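The values are calculated or read from the model by the stated rules, or taken from the named source; none is laboratory data. No experiment lies behind these values; they were computed from the predicted model shown. Don't worry about glycine lacking a Cβ; one is built from the backbone with ideal geometry, like all the others, and counts go over all protein chains shown.
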Ligand code: SF4
């Protein structure tokens, strides 16, 4: 058994901010950070045009100047896409959406930089370890256990076997990201759920290298809404020129969609085919890929963020500005507040909750509380809610807008007469799903028990008749394939995005921890 004062589960922005702020605040105890990815940053993915306010409260001006971001936003535009053309440019970027001067680049690189600063301050960081279980005594979290390594698919120990390890901690910080398994279990066990169920979007992203650099394009960004989704499905895309020769392109679709035939990866490819996007990326080649879910439920879905001995940070606590789709600054903020609560001593769980509720980040999430709910009805309702939120500082509408359903409950029966879709042909600029998985660097040791399990094959038969087995479409890594009605799982492709945990209409997927160190290996996302 290992003993520490603070255990941080997850080396993302929230966990590292907490560890760094603790040490910089004069904390003399031991701080251990465990990360399931092979290296820090390998499982971190974001747009990313970053609201710098989170860094401003954490780092010195000199350290902020050294953030490994490629550019700062110099030009921004908004487009409403109605089809595969150029769409309409919105003549005026709403003030709440403006990002001029914000850093734009790879969150993976920023997180690695934070890890270096934290290690210099005395934090111990150990990548390659999955934390699979929280340890509780008398209703209080007193630590956690790491998972075994080196177990084959039949449960036998291999030569590289590593046993579970218990880590005792005075305070455990859960910074697992969205749909963290330990976080979900803690929320369910202690009844921490928010007023509404959490709702998510799936974000898919590629890094594209241009063959011919566009001089002066670094720092130019474009956001879109509309096509390729219809007006009752929440979706939007982005194009970020991180340098004159590299462009980040992404698309996010709300997982409360109703069309059982929808395929997020194909939407992403159609988005890239539009004239509006081709102007930015034509002639380029996709060189990196990733996908993750974003917690979009907003204010009404915020869980209670703490129990004695354990605090929930960042995406796991549902902290996202659902108007700007920005959460990195809120993750950093929650980490810093967790550190302050620990440094204050006393009842850390209550202190964290109190400080979080009084923070500017909490006010930001509250202000836009009805925006996502509006989009769940119709894009125009969402746009109206965004306008009201901004003009009235979130005071109107004063009632709760949005559905009460979980994302798994929103699908309608698949249309049997739906015309067959003509999918784009795979190309260097528009890879199919399996080529994209290769670009994500995903690796799982094949000889281990699958971390993705279909709970009941009979439910898949019912699902085929009703919804046409949507897992074969919504998974951005093609982990699920239907073989004459039987769903087969190829877990080795899994990007750990958790869409299947959220969207399976029969909630028929059990997602457990793969061996530590496995999964995607993002380096530039
Ligand atoms: Fe995401 Fe599930 Fe597919 Fe893995 S199997 S990539 S978690 S949808």
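Only one entry in 199, 243 is touching a residue at least 60 places away in the same chain (Cβ under 8 Å) and surrounded by fewer than 23 Cβ atoms within 10 Å (Cβ to Cβ), namely 243.
Of all residues in segment 423-464, those being assigned to a loop (DSSP other than H, G, I, E, B) and within 16 Å of the ligand (Cβ to nearest atom) number 12.
Checking 218, 155, 150 one by one, the residue that is buried (at least 16 other Cβ atoms within 10 Å of the Cβ) and on the phi > 0 side of the Ramachandran plot is 150 and no other. Only residues that are assigned to a loop (DSSP other than H, G, I, E, B) and more than 10 Å from the ligand (Cβ to nearest atom) were counted in segment 465-490, giving 5. Looking at this structure, is residue 349 surrounded by fewer than 24 Cβ atoms within 10 Å (Cβ to Cβ) and either at positive phi or modelled with pLDDT of 95 or more (or both)? Taking the combined requirement at face value, the residue satisfies it.
For segment 315-353, give me each residue that is assigned to a loop (DSSP other than H, G, I, E, B) and touching a strand residue (DSSP E or B) at 6+ places or on another chain (Cβ under 6 Å). Across segment 315-353, the qualifying residues are 318, 320.
From the list 104, 111, 33, 40, the lone residue that is under 25 Å from residue 344 (Cβ atoms) and crowded, with 19+ Cβ neighbours inside 10 Å is 33.
Where helices (runs of 4 or more DSSP H) fall wholly inside segment 51-165, the ranges with 1 or more residues that are touching a residue at least 60 places away in the same chain (Cβ under 8 Å) are 53-56, 107-120.
Among the strands (runs of 3 or more DSSP E) confined to segment 225-314, the ones with at least 2 residues that are out of contact with any helix residue (DSSP H, G or I) (no Cβ under 6 Å at 6 or more places or on another chain) are located at 235-241, 246-254, 285-295. The set of residues in segment 495-520 that are closer than 20 Å to residue 456 by Cβ and either away from the ligand (no atom under 12 Å from the Cβ) or assigned to a loop (DSSP other than H, G, I, E, B) (or both) comprises 498, 504, 505, 506, 507, 508, 512. Residues that are assigned to a loop (DSSP other than H, G, I, E, B), out of contact with any helix residue (DSSP H, G or I) (no Cβ under 9 Å at 6 or more places or on another chain) and either closer than 19 Å to residue 163 by Cα or touching a residue at least 60 places away in the same chain (Cβ under 8 Å) (or both) within segment 1-36 comprise 1, 30, 36, listed in sequence order.
When you look at residue 169, is it at pLDDT 95 or above, closer than 24 Å to residue 189 by Cα, part of a strand (DSSP E or B) and more than 25 Å from the chain's Cα centre (by Cα), yes or no? Yes. With the structure loaded, tell me whether residue 419 is at pLDDT below 95, touching a strand residue (DSSP E or B) at 6+ places or on another chain (Cβ under 6 Å) and surrounded by fewer than 16 Cβ atoms within 10 Å (Cβ to Cβ) or whether it fails that test. Answer is no for this residue.
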